[in-house]
Amino acid sequence: MSTQAVGYPADRIERRRSERLPIRVVVIVCGDAERPFQEETSTFSLNAYGALVPLEHHVTIGQKLTVQNPENWAERAGRVTRLGSCYTGRTEVGIEFVQPVLDFWSVGTRKD
């Protein structure tokens, strides 16, 4: 049985390493030393490996970022892996953590 979605080439199918949850969590995203910034935003979706967030600041694929969760004072290093639609002055930014973190979000994320 094929796992390929109908109408999508095999190399374009998203493969998730953990369950993606459409949960809004307030976070603070900080830029790296080369392009410093600090922006409060909230997630569109999240999982153990990262999140999708809207950002006003310009970032690039591969740029290193730090994500802070003000709920539990946790902080994780990550990098930009995806740039999506731009609307209301913000761009959808996919951030992948350096290592998966199940306790970062303070919500249930299941690692497969």
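All of the numbers you see were taken from the coordinates with simple rules; none came from a lab. These numbers come from a predicted model, not from an experiment. Reconstructed Cβ throughout: ideal geometry from the backbone, glycine too, with neighbour counts over all protein chains shown.
With a point put 7 Å past each Cα toward its Cβ, work out how far Thr66 is from Ile23 in nm, to one decimal.
Reported label-point gap for Thr66 and Ile23 is 2.4 nm.
Based only on other Cβ atoms within 10 Å, what is the fewest-to-most ordering of Thr88, Thr66? Before the final figure, lay out each step's value.
Numbers: Thr88 6, Thr66 15.
Fewest-to-most Cβ neighbours within 10 Å comes out as Thr88, Thr66.
Shape call for region 19-97 from the C-alpha gyration tensor, a ≥ b ≥ c root eigenvalues: rounded (a/c under 1.5), prolate (a/b greater than b/c) or oblate? Please list the in-between numbers first.
Details: a/c = 1.36, a/b = 1.10, b/c = 1.23.
In terms of gyration-tensor shape, rounded.
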